[in-house]
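K.L.:
Could you have a look at this structure, given as structure tokens, before my questions?
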Amino acid sequence: MSTLPLFSKIISRRSLYLFSAATLAGAATVAATAATVDNRKQYNYGNRNQNNNNKSGWSLFGASSVAAAAPIVHIAALNKDRKIDDYQRIYNKIAEKIREEDEYDGYIGYGPILVRLGWHSSGTYDKTNNSGGSYGGTYRFKLESSDPSNNGLQNAAKFLDPIYKEFNWISHGDLYTLGAVCAVQEAQGPKIPWRPGRVDLPETETPANGRLPDANNGADYVRNFYARLRMNDREAVALTGAHCLGRTHYKNSGFDGPWGAASNSFTNEFFVNLLNEQWKLEKNKSGNYQYDSPKGYMMLKTDYALIQDPSYLKIVKEFANDEASFFKEFASSFQKLLENGIDYPKGAPQYIFKTLDEQDI
Ligand code: HEM
């Protein structure tokens, strides 16, 4: 028998956020259902959340991840005082800092690692109980950031630190995901529609280590992994195309090398290289197996699996031949990844940010 949440609301003196009447009604309905199913045990985020950076001043209509099968509810908190211009200002700060600190990682810059932070802070999602994901901004806790799969991401978190301090009204989850959206767009990638409303959850809600993918695997593993994130084959292939950005580092993952030549532009190069390079499976200096090409590019086993599996291969060919089709699928899949597990109230705003170039900055 599952344990279900008590939906509770605490309004602090500093409260800035308003839920619509529809949201309250919706939450109340879920709460009522929950109460009928199981009222033996109740969790109240409100009492546990107040010392944990819940800057919204609201506690959550949420549930604890304590019970394995509990359907966790994460409702986006709408802040009616903040408009697109407020978020565009943060976007611009991140974009300008990416431009200014372009020497990072051998002149690749911070874009790729910001994309990876946004994805890793979302990639802990588990559809079976709606736990993990970007909502609670739990990457900020050591328990999550010290997961070996997150090695190296502290550089991205440090990069965002001063921005978090300057815009102290934004939640960590919103900042990590906005950073990733900004990095994709500033690398000439597709526009990624983005919605605010993630709320910092307490450390107790941090998902256990081990939910992020292991690169030493083939197609069956990849398909199962992405299924946990509610992603089908097309979405899985599109998301992996983000490996056009950045590179692997021995010190972080035990792999070495970039996937292609243009590590700071968002293109369909990953798919083109996957199909056209001469790949050879080799044991690297860390003792891990990776596919290497004469041009000095690499592929992880999970990348290479996309041309070994017939269903994946068809999609790889499509994206290699048609960059617009890749961009379209990437935009919708990445938005879905960053929003997994979040309920957006009716009328929740969705923003599409302008790049610095579009603003002539
Ligand atoms: C099966 C799925 C995946 C596996 C096994 C995987 C694995 C890895 C590994 C091992 C690295 C190297 C980290 C390092 O050594 O610094 C990496 C880097 C990266 N990954 Fe993935 N990844 C996966 C999916 C994704 C997805 C879905 C995205 C984004 C949508 C993504 C974006 C990136 C980016 C941008 C980098 C480069 C980071 C940098 O240059 O510092 N990956 N990935």
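K.L.:
Just wondering, is there one or more residues in the stretch 130-147 that are surrounded by 22 or more Cβ atoms within 10 Å (Cβ to Cβ), aliphatic (A, V, I, L, M) and not assigned by TED's automatic domain parsing to the domain that holds LEU245?
P.N.:
The answer is no; no qualifying residue exists.
Quick grid of which residues meet (1) surrounded by fewer than 22 Cβ atoms within 10 Å (Cβ to Cβ); (2) touching a His at 6+ places or on another chain (Cβ under 9 Å); (3) within 22 Å of TYR344 (Cα to Cα):
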| site | (1), (2), (3) |
| --- | --- |
| GLY152 | yes, yes, no |
| ASP161 | yes, no, no |
| SER171 | no, no, yes |
| TYR176 | no, yes, yes |
| VAL181 | no, no, yes |
| PRO190 | yes, no, no |
| PRO196 | no, no, yes |
| PRO202 | yes, no, yes |
| ASN209 | yes, no, no |
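K.L.:
Of the conditions (1) of a type outside the set (Ser, Thr, Tyr); (2) outside any helix (DSSP H, G or I); (3) open to solvent by 30 Å² or more (accessible area, probe 1.4 Å); (4) within 8 Å of the ligand (Cβ to nearest atom), ARG230 fails just one. Which one is it?
P.N.:
(4)
K.L.:
Select from the stretch 94-123 the residues that are at negative phi, assigned to a loop (DSSP other than H, G, I, E, B) and within 11 Å of the ligand (Cβ to nearest atom) and list them in ascending order.
P.N.:
Going through the stretch 94-123, the residues at negative phi turn out to be 94-104, 108, 110-123.
Adding the requirement that they be assigned to a loop (DSSP other than H, G, I, E, B) leaves 101-103, 108, 110, 123.
Result: ILE108, TYR110, GLY123.
K.L.:
Sticking with this one: As an exercise: evaluate LYS346 against (1) within 11 Å of the ligand (Cβ to nearest atom); (2) in the same structural domain as TYR176 (by TED's automatic domain parsing) and give the number of the one condition it does not meet.
P.N.:
(1)
K.L.:
Hey, does the stretch 199-217 have a residue that's hydroxyl-bearing (Ser, Thr, Tyr) and farther than 30 Å from PRO310 by Cα?
P.N.:
First, the residues of the stretch 199-217 that are hydroxyl-bearing (Ser, Thr, Tyr): 204, 206.
Add one more test, that the residue is farther than 30 Å from PRO310 by Cα, and what stays is 204, 206.
Taking every residue of the stretch 199-217 in turn, at least one turns out to be hydroxyl-bearing (Ser, Thr, Tyr) and farther than 30 Å from PRO310 by Cα.
K.L.:
Moving to a separate point now. Looking at the stretch 292-319, I want the residues that are away from the ligand (no atom under 15 Å from the Cβ) and have a partner that is in a loop (DSSP other than H, G, I, E, B) with Cβ atoms under 7 Å, at least 6 apart or on another chain. Which pairs are those?
P.N.:
That search, which allows pairs on different chains as well, returns SER293/GLU277; SER293/GLN278; SER293/TRP279; PRO294/GLN278; LYS295/GLU277.
K.L.:
Here's a check for you: in the stretch 98-113, which residue that is over 20 Å from the mean Cα position of the chain (by Cα) and not acidic (Asp, Glu) is most open to solvent (accessible area, probe 1.4 Å)?
P.N.:
Taking the stretch 98-113 first, the residues over 20 Å from the mean Cα position of the chain (by Cα) are 99-108.
Filter once more, so that each one left must be not acidic (Asp, Glu): 99, 104, 106-108.
Numbers: ARG99: 115, TYR104: 46, GLY106: 69, TYR107: 148, ILE108: 26 Å².
Checked the stretch 98-113; the qualifying residue most open to solvent (accessible area, probe 1.4 Å) is TYR107.
K.L.:
Something else: Of the numbered conditions (1) within 13 Å of LEU275 (Cα to Cα); (2) over 21 Å from the mean Cα position of the chain (by Cα), LYS295 fails exactly one; give the number of that condition.
P.N.:
The failed condition is (1).
K.L.:
Filter the stretch 213-227 down to residues that are within 8 Å of the ligand (Cβ to nearest atom) and within 11 Å of TYR312 (Cβ to Cβ), then give me how many there are.
P.N.:
Counting residues in the stretch 213-227 that are within 8 Å of the ligand (Cβ to nearest atom) and within 11 Å of TYR312 (Cβ to Cβ) gives 2.
K.L.:
Follow-up question, since we're still on this one. Which of the residues that make up the stretch 191-205 are in a loop (DSSP other than H, G, I, E, B) and more than 17 Å from GLU339 (Cα to Cα)?
P.N.:
Step one: filter the stretch 191-205 for residues in a loop (DSSP other than H, G, I, E, B), giving 191-193, 195-202.
Listed by number, the list holds a single entry, PRO202.
The values are calculated or read from the model by the stated rules, or taken from the named source; none is laboratory data. All values reported here derive from a predicted model rather than from experimental measurement. Here Cβ is always computed from backbone atoms with ideal geometry, including for glycine, and neighbour counts include all displayed protein chains. To get the accessible areas, we keep the full protein, side chains included, count just its heavy atoms, and leave off ligands, DNA and RNA. Shrake-Rupley method; radii C 1.70, N 1.55, O 1.52, S 1.80 Å.
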